[in-house]
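Asker: This is the structure, below, for whatever I ask next.
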Amino acid sequence: MATCWPEPIVSVQSLSQTGVPTVPNRYVKPAHQRPVFNTTQSDAGMEIPVLDMNDVWGKPEGLRLVRSACEEWGFFQMVNHGVNHSLMERVRGAWREFFELPLEEKRKYANSPDTYEGYGSRLGVVKDAKLDWSDYFFLNYLPSSIRNPSKWPSQPPKIRELIEEYGEEVRKLCERLTETLSESLGLSPNKLMQALGGGDKVGASLRTNFYPKCPQPQLTLGLSSHSDPGGITILLPDEKVAGLQVRRGDGWITIKSVPNALIVNIGDQLQILSNGIYKSVEHQVIVNFGMERVSLAFFYNPRSDIPVGPIEELVTANRPALYKPIRFDEYRSLIRQKGPCGKNQVDSLLLTR
Ligand code: OGA
Ligand code: NI
């Protein structure tokens, strides 16, 4: 794996702050990838499901709601998810303050393609690739043995504590959700956790995305089309600014986030584990002329050093195994080289018969 980026890193936020009147060519997407701002006629009014978790936890009907959301959409919003709303606001606010710090301060945490940990402005190491209109901060959270708080930002003052506090709440939520997802697939409650490699061995990381204002949002994307490589993603979106678009057929639906909701989406590993019953759905982010946007993506992943393949009970004569097993560290390193690539990575594991 490359240890440095193929080109010097340019912070998109600084570029935006210089007041460039046009988007530099590096960020101009080919016509077929440019965003569509309005939902198509047939999708008008379509929304990803919103689940009140009070109607889900421990309720048979709830399992059916979860199942249909994961089969059909690969995405849902959760309300009454149990994560403290004020904590959500405080951690997002702290990250916003971090991105407002001078570039020299943020650069102290500059990341490299080896681990991606730290402050970065590109995904993938392909030379001359078109880049996305965003910066981010990526950090490892689980297993706690790989957690390195000295690589976490030290400013603003409370940010490390807030990351830990938020991380703990979301970890607990993911554990609970893992049981529910397991049952919704017709498995025993702890089966999916076992398949992910067990409670204290699973991985998790946090990526805070910063999407600066953009002079020509119609020409670029904040984050190109991709599916998330891991198990489950819990997204804390910006409280004011929309931007996340989810694939629906040939079009895209812009998510209208419900106040205080968290957005869940299924990653490639869960698509593999569920033998294709649950879908890791493509998504992308659009940017704005006049507004910046912040989001926190918490990725809950399998243990990285064991092969992940379809769960045995989900492989039947009628539904043979669709994917060949792969270790998550290997899978992730392939993605880390290529950067966002739609669903190409998971599709490459399809067994042909
Ligand atoms: C991601 C992602 C969406 C967003 O970080 O993988 O899809 O709204 N983020 O920032
Ligand atoms: Ni994503």
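The values are calculated or read from the model by the stated rules, or taken from the named source; none is laboratory data. Everything numeric in this text was worked out from a predicted model, so none of it was measured. All Cβ positions, glycine included, derive from the backbone under ideal geometry; neighbour counts span all protein chains shown. The area values use the complete protein model at the heavy-atom level, side chains included, leaving out ligands, DNA and RNA. Shrake-Rupley method; radii C 1.70, N 1.55, O 1.52, S 1.80 Å.
Asker: Got a number for residues in segment 129-149 being among the polar types (S, T, N, Q) and open to solvent by 50 Å² or more (accessible area, probe 1.4 Å)?
Answerer: 3
Asker: Just give me the residues in segment 249-279 being under 17 Å from Asn344 (Cα atoms) and of a type in the set (D, E, K, R), in sequence order.
Answerer: Passing the criteria: Asp250, Asp268, Lys279.
Asker: Checking Arg207 against (1) open to solvent by less than 20 Å² (accessible area, probe 1.4 Å); (2) under 14 Å from Tyr300 (Cβ atoms); (3) within 16 Å of ligand 2 (Cβ to nearest atom), which single condition isn't satisfied?
Answerer: (1)
Asker: In addition: Output the number of the condition that Leu181 fails; it satisfies all remaining conditions of (1) more than 23 Å from Ile306 (Cα to Cα); (2) over 17 Å from the mean Cα position of the chain (by Cα).
Answerer: All conditions pass for Leu181, except number (1).
To keep it simple, each residue is scored yes or no on (1) over 30 Å from Thr18 (Cα atoms); (2) in contact with a Phe, Trp or Tyr (Cβ under 6 Å, 6 or more places away or on another chain); (3) within 16 Å of ligand 2 (Cβ to nearest atom).
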{"site": "Cys174", "(1), (2), (3)": "yes, yes, yes"}
{"site": "Pro217", "(1), (2), (3)": "no, yes, no"}
{"site": "Ile234", "(1), (2), (3)": "yes, yes, yes"}
{"site": "Pro237", "(1), (2), (3)": "no, no, yes"}
{"site": "Val246", "(1), (2), (3)": "yes, yes, yes"}
{"site": "Ile253", "(1), (2), (3)": "yes, no, yes"}
{"site": "Pro259", "(1), (2), (3)": "yes, no, no"}
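Asker: Something else: Name the single residue, out of those in segment 47-69 being out of contact with any helix residue (DSSP H, G or I) (no Cβ under 6 Å at 6 or more places or on another chain) and closer than 30 Å to Leu162 by Cα, that is surrounded by the fewest Cβ atoms within 10 Å (Cβ to Cβ).
Answerer: Among those residues, the one meeting the criterion is Gly58.
Asker: In segment 99-114, how many are crowded, with 16+ Cβ neighbours inside 10 Å and over 12 Å from Lys338 (Cα atoms)?
Answerer: The total comes to 5.
Asker: Contact list please: Cβ distance under 7 Å, first residue in segment 218-233 and over 18 Å from Tyr331 (Cβ atoms) and within 9 Å of ligand 1 (Cβ to nearest atom), second residue assigned to a loop (DSSP other than H, G, I, E, B) and hydrophobic (A, V, I, L, M, F, W, C), pairs at least six apart or on different chains.
Answerer: That search, which allows pairs on different chains as well, returns Gly222/Trp133; Gly222/Ile286; Gly222/Val287.
Asker: Follow-up. With (1) surrounded by fewer than 20 Cβ atoms within 10 Å (Cβ to Cβ); (2) modelled with pLDDT under 95 as the list, and Ile335 as the residue in question, which single condition is left unmet?
Answerer: Among (1) surrounded by fewer than 20 Cβ atoms within 10 Å (Cβ to Cβ); (2) modelled with pLDDT under 95, the lone unmet condition for Ile335 is (1).
Asker: If you check Gly230, Gly197, Gly249, Gly243, which single one turns out to be open to solvent by less than 10 Å² (accessible area, probe 1.4 Å) and either of a type outside the set (Gly, Ala, Ser) or touching a helix residue (DSSP H, G or I) at 6+ places or on another chain (Cβ under 9 Å) (or both)?
Answerer: None of the other options fit; the residue is Gly230.
Asker: Right, something else. Please name all residue pairs, on different chains or six or more residues apart, with Cβ atoms under 6 Å, provided the first residue is in segment 252-278 and is open to solvent by 20 Å² or more (accessible area, probe 1.4 Å) and the second residue is within 16 Å of ligand 2 (Cβ to nearest atom).
Answerer: Once the first residue is open to solvent by 20 Å² or more (accessible area, probe 1.4 Å) and sits in segment 252-278, its partners that are within 16 Å of ligand 2 (Cβ to nearest atom) give Trp252/Gln245; Thr254/Ala242; Thr254/Gln245; Ser257/Pro237; Val258/Gln77.
Asker: Quickly run through segment 113-131 and pick out the residues that are more than 30 Å from Gly198 (Cβ to Cβ) and either part of a loop (DSSP other than H, G, I, E, B) or among the β-branched types (Val, Ile, Thr) (or both).
Answerer: Those that are more than 30 Å from Gly198 (Cβ to Cβ) and either part of a loop (DSSP other than H, G, I, E, B) or among the β-branched types (Val, Ile, Thr) (or both): Ser121, Arg122, Gly124, Val125, Val126, Lys127, Asp128, Ala129, Lys130, Leu131.
Asker: Any residue at all in segment 85-98 that is open to solvent by 10 Å² or more (accessible area, probe 1.4 Å) and either in a loop (DSSP other than H, G, I, E, B) or within 24 Å of Ser280 (Cα to Cα) (or both)?
Answerer: Looking through segment 85-98, none of the residues is open to solvent by 10 Å² or more (accessible area, probe 1.4 Å) and either in a loop (DSSP other than H, G, I, E, B) or within 24 Å of Ser280 (Cα to Cα) (or both).
Asker: Starting from segment 315-340, take each residue that is closer than 10 Å to Gly124 by Cα and list its partners that are open to solvent by 80 Å² or more (accessible area, probe 1.4 Å) and not in a loop (DSSP other than H, G, I, E, B), counting only C-beta distances under 8 angstrom and pairs at least six apart or across chains.
Answerer: Lys338/Asn344
Asker: Starting from segment 108-129, keep only residues that are small (Gly, Ala, Ser), then list their pairs with residues that are surrounded by fewer than 19 Cβ atoms within 10 Å (Cβ to Cβ) and part of a strand (DSSP E or B) whose Cβ atoms are within a distance under 7 Å, requiring at least 6 positions of separation or different chains.
Answerer: So the pair list comes out as Gly118/Ala110.
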